[in-house]
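What follows is a set of notes on a single structure, which appears directly below.
Every number here is computed from the coordinates shown, using simple stated rules; none is lab data. Since the model is a prediction, treat every value here as computed from it, not as a measurement. Cβ: placed from backbone, ideal geometry, glycine included. Neighbour counts: every protein chain shown.
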Amino acid sequence: MTGAGDHVAAVALNTFRETVRDRIFYLVGVFGLVLIGSSAILSPLTVGAQGKVVADVGLASLSLFGLLVVVFVGSGMLHKEIDKRTITTILAKPVSRRAYVAGKFGGLILTLACMLAAMGALFLLVTLWTPVPLNPGYAAAFGFAFLELAVVTAVAVLLSTFVSPVLAAVLTLALFVVGHVSSDLKAFGALVGGPALRLATSVLFYVLPNLEVFNVRGAVVHGDPVSGAHLALAALYATCYVALCLVLAGAIFTRRELK
Amino acid sequence: MSHGRTLCAGATPGAARLGRPWPDWLPTALAVVALGGAAVGLLGRLEARPVGREADRLWLPSGLFLRESTAGFREVAADALWFQAVQYYGEYRHGRHDLAYFRGMMRGVTTLDPRFLEAYRFGALVLATDMRDVEGGIDLLRRGILANPDRAILPFEVGFLQWVVQRDYARAAVWFDAASRAPDASDFTRRFAAFAHKRAGQLEVSYVLWRNLLDTTSDPNMRDLAERMMAKIEPVLRARAAADADGAAGPGDGADQARSGEARP
């Protein structure tokens, strides 16, 4: 007899295989081209800041390509299975819907982890012939990028349980943008708004994912230290937010009628 | 069955089936060449008429707005604006404009990435020299110092501008001193701070700075220079101390000697 963990792992592995078949990893090649292009073509324009520009572009591309995968794969993942009716064959077995949603999330996370590892290795390779002053903070930056993408993936999976793939993609992108300015929104509400606006911006601040806590790219590129305590707190926050999204997604998907 | 036409060389079975005298790929190739050529030609003409480029720079949003609208990719946005600023400066060097929007562009770059040291340095230098706005350049550097209080290069640049452009040696010396106290101050920064103080007549401070350099540097050339400079300052300080003890010498003797260049590196 197999447990829920085995079901989650089986769905996750299958989802991972599916994304590999969809040639998602071609994006790693595009990432490499962007990196090499930014280091070779843009060099004459960087005026003494080549290392900074290559590092900025590399770390930003890493997050951006990860986000593209989450938006275009994550937001349509459940819908695709429902549309093709392949989900019925899985759910006909003793696999709970919660385990299925968690497995889908796990598979995408596994894909992202492999992609980030490959892109991180490419980035380190490019730094060999560019003046990027490497420091241990870059490893932390890769870790923070993964945590950020895990939170966005959980949001995408949650949205995909009750809205159409296009709407889920648009909302995920919008939440990514708002997630980076939620602190400023709260500050804005406190500064210029009345009690209602102040309350609304505070609620938004606590409900929406605060993705800016995972943004250490600037600090790392400029050689500023990133504390282990910050990394630990951010990892804890990401875990809580991901778990919350998956619990909600499981609850919604369990009540959903599959035609 | 004959179509009454001769198929040209290279004609594909599809062309033969349809009875055309040209290969199937030819219309596509011609269309690609014609449309591609037209697009390239039009782009060239559009580039020659840069409608709204100056206006784009005039209406460059404030750095704070840019910060909010870049969704966590601020540093890359700063790099993109930095490229534009460098190109804009290049156009100025070719006599195409008067750098009117340079200040706004640098403000945008440094607001998006407050730790972009190269932008502060380049921006301040262009403001102070090409635009003859030394105070503007120093203001930019001061903003940089607020955002990067532990970096020696920015106060050093303020001192540099006051030394070479404003020729205010006393104020320059204060900034070099501040730079030499930064955690990442180099031997050169400390050496320059000492030299600036000597030029300003503050020999005691200069001596301490040279001593500090001697104690902290591992570079033999620097040590040699520090020892030589201290050896030159010591007699002046000793003479001043002796004069003070006798009560015969007037104030400023040592400083006058220093200004006359007796103790230069």
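Listed by chain and number, the lysines placed with their C-alpha closer than 21 angstrom to that of A:Lys80 are A:Lys93, A:Lys104, A:Lys259; residues fewer than eight positions away on the same chain are left out.
Kindly put A:Ser61, B:Ser186 in sequence by how many other C-beta atoms sit within 10 Å of each C-beta, fewest to most. Please list the in-between numbers first.
On the way: A:Ser61 23, B:Ser186 17.
With the sparsest Cβ surroundings first, the list reads B:Ser186, A:Ser61.
With no solvent and one equal point scatterer per Cα, compute the Debye intensity ratio I(q)/I(0) for segment A:210-259 at 0.32 Å⁻¹ and report its log10, rounded to two decimals. Log10 of I(q)/I(0), two decimals: -1.14.
Computed extension gain for A:Val192 through A:Leu68, at 0.36 nm per residue and net of the alpha carbon distance, reaches 41.1 nm.
Summing +1 for each Lys or Arg and -1 for each Asp or Glu among the other residues whose beta-carbon sits under 15 angstrom from that of A:Lys186 gives -2.
Per-residue mean of foreign Cβ neighbours for A:52-61 is 5 (Cβ atoms of other chains, 10 Å radius). For the protein assembly as shown, the square roots of the Cα gyration tensor eigenvalues, ordered a ≥ b ≥ c, give a/c of at least 1.5 with a/b greater than b/c, which places it in the prolate category.
Label segment B:60-149 by shape, choosing from rounded, prolate and oblate, from the square roots a ≥ b ≥ c of the eigenvalues of the Cα gyration tensor; if a/c is under 1.5 it is rounded, and otherwise prolate applies when a/b is larger than b/c, oblate when it is not.
Values: a/c = 2.12, a/b = 1.28, b/c = 1.66.
Here segment B:60-149 falls in the oblate category.
In terms of other Cβ atoms within 10 Å, A:Tyr100, B:Tyr169, A:Tyr206 run from fewest to most in the order A:Tyr206, B:Tyr169, A:Tyr100. Taking every full run of DSSP H in chain A, the ones that stretch at least 30 Å from end to end by Cα along their long axis and average 0.0 or higher on the Kyte-Doolittle scale are A:97-126, A:137-160, A:228-255. Fewest neighbouring Cβ atoms within 10 Å first, the residues A:Ser227, A:Ser39, A:Ser202 line up as A:Ser227, A:Ser202, A:Ser39. With only alpha-carbon pairs counted, each pair once and no self-pairs, how large is the Kirkwood hydrodynamic radius of segment A:8-125 in angstroms? Taking the inverse mean of 1/r over all distinct Cα pairs, segment A:8-125 comes out at 15.8 Å.
Cross-link partners for A:Lys186 among the lysines, with Cα-Cα distance under 19 Å and sequence neighbours closer than 8 places in the same chain left out, do not exist in this structure.
Is chain A rounded, prolate or oblate when judged by the Cα gyration tensor, a ≥ b ≥ c being the square roots of its eigenvalues, rounded requiring a/c under 1.5 and prolate requiring a/b larger than b/c? Oblate, since a/c reaches 1.5 and b/c is not below a/b.
What does the extension gain come out to for B:Ala34 and B:Val165, with contour length at 0.36 nm per residue minus their alpha carbon separation? Let's see the in-between values first.
Values: separation 131, 0.36 × 131 = 47.16 nm, distance 5.75 nm.
Full extension from B:Ala34 to B:Val165 adds 41.4 nm.
Net charge of the neighbourhood of A:Leu78, taken over other residues with C-beta under 12 Å away and scored Lys/Arg +1, Asp/Glu -1, is +3.
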